[in-house]
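Q: Quick one: structure below, then a few questions.
Any read-out appearing in this document is the output of simple, stated calculations on the displayed coordinates, not a laboratory observation. What you are looking at is a predicted structure, and each value in this text was computed from that prediction instead of being measured. A quick note on method: Cβ atoms are made from the backbone with ideal geometry, for glycine too, and the neighbour counts reach across all protein chains shown.
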Amino acid sequence: MKVYDLAQKLYPGPAQFPGDPPVHIEAIKTIDEDGYQLELFSAGSHAGTHVDLPRHLFLSGKTVDEVPAEAFVGRAQVLRGAGGIGPEELARMPQLEVILLASSSEIWLTEEGAAFLAGKVKGVGTQSASIDPLDSTELPAHKCLLGAGIWIAENLNLAAAPKTEFLYIGPPVALCGAGAAWARPVGIVPFPFK
């Protein structure tokens, strides 16, 4: 069995998405002085690798803590491409529970691509900071997926992800009442069951 770490490391400093608060990590207890280490951490819920849930955009949508952990486990594969990914590319993928988008440049899901996946998958992930184009203000893919109860993982590390089908495990931290939360998803191969 091989485990692939699909999360980006979370460093102190400016947020990856314009307008989000910076990431702050400060040691407030140290082994030398206190006998143990403890950090104070502050960041927006969209810092680093994170998962968006329906409450991100819909007042009546489920929050992170309301979605069971098993919703973030499923058969996955990476679709490598560039630009907007639509139904044509997605139709060539095998039947999966999680679709992950990777590219050497920017990649996003078109509104038509999101509509194609509605009712077919548990979640969609991307290496990009957004499942929509970074300059989008309407967020059509977000609205379509989250409106259909499909979670979105963003800022994934997919550079070394398996080329074949694998088991994706990526529940977010159960932040009560939150529309998004940090996660450290992994991919496991070989796929452990049929």
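Q: Could you list Val3, Val121 so that the one with the fewest beta carbons within 10 Å of its beta carbon is first and the one with the most is last? Before the final figure, lay out the partial values.
A: On the way: Val3 12, Val121 22.
Least crowded to most crowded, the residues run Val3, Val121.
Q: How many angstrom separate the Cα center of region 123-163 from the Cα center of region 72-119?
A: Here the two parts' Cα centres lie 9 Å apart.
Q: Between Leu134 and Glu112, what FRET efficiency comes out of the Förster formula 1/(1 + (r/R0)^6) with R0 = 22 Å and r the beta carbon distance, rounded to 0.05?
A: Values: r = 19 Å, r/R0 = 0.86.
For R0 = 22 Å, the calculated efficiency reads 0.70.
Q: What's the exposure ranking of Asp135, Asp20, going from fewest to most Cβ atoms within 10 Å? Could you put the intermediate results ahead of the total?
A: Values: Asp135 6, Asp20 15.
By the 10 Å Cβ count, ascending, the order reads Asp135, Asp20.
Q: Please state, to two decimals, what the Cα-based radius of gyration of the chain comes to when divided by 2.2 N^0.38 Å (N = residues). Walk me through the numbers on the way to the answer.
A: Working: Rg = 17.0 Å, N = 194, 2.2 N^0.38 = 16.3 Å.
Compared with the compact-globule rule of thumb, the chain sits at 1.04.
Q: Residue by residue, what Karplus-based ³J(HN,Hα) values in Hz, rounded to whole numbers, does region 62-76 have, using 6.51, -1.76 and 1.60 with θ = phi - 60° and x for Gly and Pro?
A: Calculated HN-Hα couplings, in order: 5, 8, 3, 6, 8, 9, x, 4, 5, 5, 9, 10, x, 5, 9 Hz.
Q: Then there is this: Want the number for Met1 to Leu40: 0.36 nm per residue separation, take away the alpha-carbon distance, what's left?
A: Working: separation 39, 0.36 × 39 = 14.04 nm, distance 3.51 nm.
Length difference between fully extended and current span is 10.5 nm.
Q: What GluC sites (Glu not before Pro) does region 108-165 have in DSSP loop regions with at most 14 other beta carbons within 10 Å?
A: Numbers: sites: Glu111, Glu112, Glu138, Glu154, Glu165; in loops: Glu138, Glu165.
Answer by residue number: Glu138.
Q: I need the calculated FRET efficiency for the pair Lys143 and Ala27, taking r as the beta carbon distance and R₀ as 45 Å, to the nearest 0.05. Before the final figure, lay out the partial values.
A: Details: r = 40 Å, r/R0 = 0.90.
So the FRET efficiency works out to roughly 0.65.
Q: Compute the Cα gyration tensor for region 90-177, then decide on rounded, prolate or oblate, letting a ≥ b ≥ c be the square roots of its eigenvalues: rounded whenever a/c is under 1.5, prolate when a/b is larger than b/c in the other cases, and oblate in all that remain. Intermediate values should be presented prior to the final figure.
A: On the way: a/c = 1.18, a/b = 1.12, b/c = 1.05.
Rounded is the answer for region 90-177, as its axis ratio a/c remains below 1.5.
Q: Next question. So which of Lys120/Lys163; Lys9/Lys120; Lys2/Lys62; Lys29/Lys62; Lys2/Lys29; Lys62/Lys120 end up more than 27 Å apart by C-alpha?
A: Details: Lys120/Lys163 21 Å; Lys9/Lys120 30 Å; Lys2/Lys62 33 Å; Lys29/Lys62 36 Å; Lys2/Lys29 35 Å; Lys62/Lys120 19 Å.
As for pairs spanning more than 27 Å Cα to Cα, those are Lys9/Lys120; Lys2/Lys62; Lys29/Lys62; Lys2/Lys29.
Q: Would you mind checking region 169-186 for residues with the amide N under 11 Å from a putative spin-label position 7 Å along Cα→C-beta of Asp65?
A: Residues 174-178 qualify, since their backbone N sits under 11 Å from the label point.
Q: Provide, as a two-decimal number, the C-alpha radius of gyration of region 132-173 over 2.2 N^0.38 Å, N being how many residues it has.
A: Working: Rg = 13.1 Å, N = 42, 2.2 N^0.38 = 9.1 Å.
That ratio works out to 1.44.
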